[in-house]
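The structure appears below as structure tokens.
The values are calculated or read from the model by the stated rules, or taken from the named source; none is laboratory data. Just so it is clear, the model here is predicted, and its values are computed rather than measured. Ideal geometry is used to build each Cβ from the backbone, glycine not excepted, and the neighbour counts take in all protein chains shown. Please note that ligands, DNA and RNA were not included when accessible areas were found on the heavy atoms of the full protein model with its side chains. Shrake-Rupley method; radii C 1.70, N 1.55, O 1.52, S 1.80 Å.
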Amino acid sequence: MILIDVSHMFFRQFFMNLGNILEFEQDPDDPSKKVCTGEVNEGFLTHLIYNNVLSFSNKFGGSKQNRVVACCDSKPSWRHHWYVENCKNFLEYKGETYKGDRTKSDDYPWPKIWDALDDGLDALEQLSDFTVLRVDLAEADDLIAVLAKEYRKTEDVYVCSSDKDFRQLQ
């Protein structure tokens with residue numbers, strides 16, 4: 001079984017391919033900067049998802065016998081609910097700098113991006129032998145941990161993610 005952390009993969013690929021996914025124009029207030037127009041290239045996003053999942057499938061021998069499962073975060077996840085209820089405790093748990101080194105991206109059209117991602121995942125599931133797994137309130141890494149623990153008893157399990165949290169599964 002090949003378990004792919006599509007959510008983590010998406011964010012890495014999104015920021016590496018930002019100029020191909022979102023449309024930008026020159027900032028009228030500062031000609032040296034570009035601003036997002038709010039348009040999302042849904043076709044490129046679908047292409048990106050499919051080709052990344054296909055690449056992992058080919059690398060690790062995906063087939064009908066060696067299933068490929070694309071695991072996705074739910075929107076919102078349990079962590080979001082917990083964070084809202086325990087914001088102060090969450091920052092203490094993760095440290096004041098939790099994701100603090102990341103650039104704010106409030107100017108991106110996140111609702112359109114999420115819709116395009118969902119459409120791409122729907123297409124992936126309908127047009128291929130890949131399984132797309134989404135569970136309400138669950139995150140992709142939670143799904144992968146549960147599936148890996150259960151299925152490693154009966155078959156080889158490959159986890160495809162660059163998320164360092166998966167080291168604990170070894």
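Annotations for the structure displayed:
- Applying the criteria of a DSSP loop state and at most 11 other Cβ atoms within 10 Å to the trypsin sites (Lys or Arg not before Pro) of region 14-72 yields LYS33, LYS64.
- With every protein chain in place, region 1-81: carbon and sulfur % of accessible area (1.4 Å): 50
- Computed E for PHE11/VAL146 - FRET, C-beta separation, R0 25 angstrom, nearest 0.05: 0.70
- Surface per residue (accessible, 1.4 Å probe) for region 109-170, Å²: 65
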